[in-house]
1. Could you look through region 129-142, keep only residues that are touching a Phe, Trp or Tyr at 6+ places or on another chain (Cβ under 7 Å) and closer than 25 Å to ALA59 by Cβ, and pick out the one that is nearest to the ligand (Cβ to nearest atom)?
2. Could you tell me which residue of region 89-106 is surrounded by the fewest Cβ atoms within 10 Å (Cβ to Cβ), considering only residues that are among the polar types (S, T, N, Q) and within 14 Å of the ligand (Cβ to nearest atom)?
3. When you go through (1) closer than 20 Å to ASN126 by Cα; (2) free of Cβ contacts under 8 Å to residues at least 60 places away in the same chain; (3) within 15 Å of the ligand (Cβ to nearest atom) one by one for PHE44, which number turns out not to apply?
4. Filter region 79-88 down to residues that are free of Cβ contacts under 8 Å to residues at least 40 places away in the same chain and surrounded by 14 or more Cβ atoms within 10 Å (Cβ to Cβ) and give me whichever is farthest from TRP237 (Cα to Cα).
5. Just give me the residues in region 64-79 being closer than 17 Å to PHE272 by Cβ and hydrophobic (A, V, I, L, M, F, W, C), in sequence order.
6. Taking region 107-121 only, how many residues are within 19 Å of ALA59 (Cα to Cα) and surrounded by fewer than 16 Cβ atoms within 10 Å (Cβ to Cβ)?
7. Pairs under 6 Å by beta carbon, first residue under 23 Å from ALA175 (Cβ atoms) and small (Gly, Ala, Ser) in region 111-140, partner within 16 Å of the ligand (Cβ to nearest atom) and at pLDDT 95 or above, six or more apart or different chains?
8. Are there any helices (runs of 4 or more DSSP H) wholly within region 233-300 with 1 or more residues that are in contact (Cβ under 8 Å) with a residue 60 or more places away in the chain and closer than 27 Å to ALA73 by Cβ, and if so which?
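The values are calculated or read from the model by the stated rules, or taken from the named source; none is laboratory data. What you see is a predicted model; the values in this text were computed from it and never measured. Counting neighbours? That spans all protein chains shown, and the Cβs are built from the backbone with ideal geometry, glycine included.
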Amino acid sequence: MSNTRLPGGSIPNEVGADKRLLSTSKPPDARMQHLIDEVNKHGFVIIRDAFDASTVAAAKAEALRLTNDPETAGPAGQAGRNNFEGHKTQRMYSLVNKSRIFDAFALHEDVLTLNDHFLDAGYLLNSFQSINILPGETAQTLHYDHGFATLERPHRPLGSGVMIALDDYTATNGATVIVPDSHNWDSNRIPTMEDTVPVIMPAGSIIYFLSTLWHGGGANTSDKPRLALTAQYCQPWIRPMENMILAVDWEKLDELPERLVGMLGYKVGSPFIGFVDGHSPRAAVQRLLAKWKGKAESKL
Ligand SMILES: O=C(O)CCC(=O)C(=O)O
C-alpha cells in the first residue's frame with residue numbers, strides 16, 4: 001500500500017498497520033481478564049452500575065424528548081413496523097446524528113477494552129439505537145446479531161453488542177433475554193424461550209455480548225416501559241474496501257445505472273442492512289441534498 005499523505009497522516013498510520021506486528025498492547029488487568037474469561041465462557045458479561053444515576057437520567061430524558069419529536073423520532077420512534085422492531089416498542093435509530101448526550105454510552109472504557117480483545121483493530125460502530133419496550137409488548141424473535149451473515153456456525157464473532165439499561169431491568173418489564181453459552185452453538189441448534197434467562201440488572205448497567213450469542217427483547221408484562229440503549233460494533237473489514245458512499249459525489253447518483261447505485265450501498269440489504277435512520281440510504285441522500293440546496297438558496 002502506498003504511503004498516501006493525508007491531513008491526518010498516512011493511511012498505514014491511520015489504521016495502525018505500521019504497529020500491527022509489534023505487540024504493544026498492555027495485558028488486561030485482573031478485573032478485565034475476568035470479564036474476558038466470562039465472555040469466552042458464556043458469550044456475555046454484565047457490567048453493573050457502569051453509568052451513574054445522573055448520566056442515566058440525562059440520557060433517559062433526552063431519548064424520550066427525541067422520541068416524542070416527529071423531526072427526530074424516525075419511522076419506528078412511536079411504534080415498530082414489524083414484529084422484530086416490535087409493534088409496542090419505540091425504537092429510535094441513528095442516535096449519533098441526534099444528540100451528543102449518547103456518545104459516552106457507545107464509548108464505555110470496559111466495552112472498548114473487551115472489543116479490543118474480541119474484535120480486530122479498527123472495529124466499527126455497527127448500529128446505535130434506543131429501544132423502549134412498552135407494557136403489553138410480546139417477546140421479540142430470538143436471534144443473534146449477525147444472523148444475516150450466511151456462515152456456518154460456530155465461527156469467530158463478526159461483532160459485539162451492548163444493551164445499556166436506562167430503566168432497571170426486571171423479570172417482567174421486557175428485560176433482554178439471553179441464551180447463555182449459545183455463542184458456540186452450531187447452525188442446527190435453534191433456541192426456544194425455555195432456553196432463555198432474563199438479564200436482571202439495575203439502570204446504568206451494561207450487558208456485553210458477542211454477535212454469536214442468541215438473545216432477544218423480553219415480553220413486557222409489567223405496567224411500566226423498559227428503556228435501553230443498544231450499540232453494536234463490527235469487524236473493521238465488514239465494509240467495502242473503497243468507501244463508495246463518499247467516493248461518488250451524491251449529485252452524480254441520478255446519472256448512474258440504478259443497479260450500480262444499489263451496489264454502492266444505497267439499497268437496503270436483506271433482511272435490514274445499511275439503512276439510514278430506518279429509511280433507505282437513497283432517500284437520506286435526497287433529503288440531505290434538498291436540505292443543502294434549500295440552505296444555499298436561502299442565502300441568495
Ligand atoms: O431490546 C432488547 O432487549 C433487545 C433488542 C435486540 O436484540 C434487537 O433489536 O436486535
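1. GLN140
2. So the residue we want is THR89.
3. Tallying (1) closer than 20 Å to ASN126 by Cα; (2) free of Cβ contacts under 8 Å to residues at least 60 places away in the same chain; (3) within 15 Å of the ligand (Cβ to nearest atom), PHE44 fails exactly one: (2).
4. For region 79-88, the residue satisfying everything is ALA79.
5. ALA76, ALA79 - these are the residues of region 64-79 that are closer than 17 Å to PHE272 by Cβ and hydrophobic (A, V, I, L, M, F, W, C).
6. 2
7. Note: pairs meeting the criteria are SER127/GLN232; SER130/ALA63; SER130/MET92; SER130/LEU229; GLY136/LYS88; ALA139/GLY218; ALA139/ALA219.
8. Where helices (runs of 4 or more DSSP H) fall fully within region 233-300, none carries at least 1 residues being in contact (Cβ under 8 Å) with a residue 60 or more places away in the chain and closer than 27 Å to ALA73 by Cβ.
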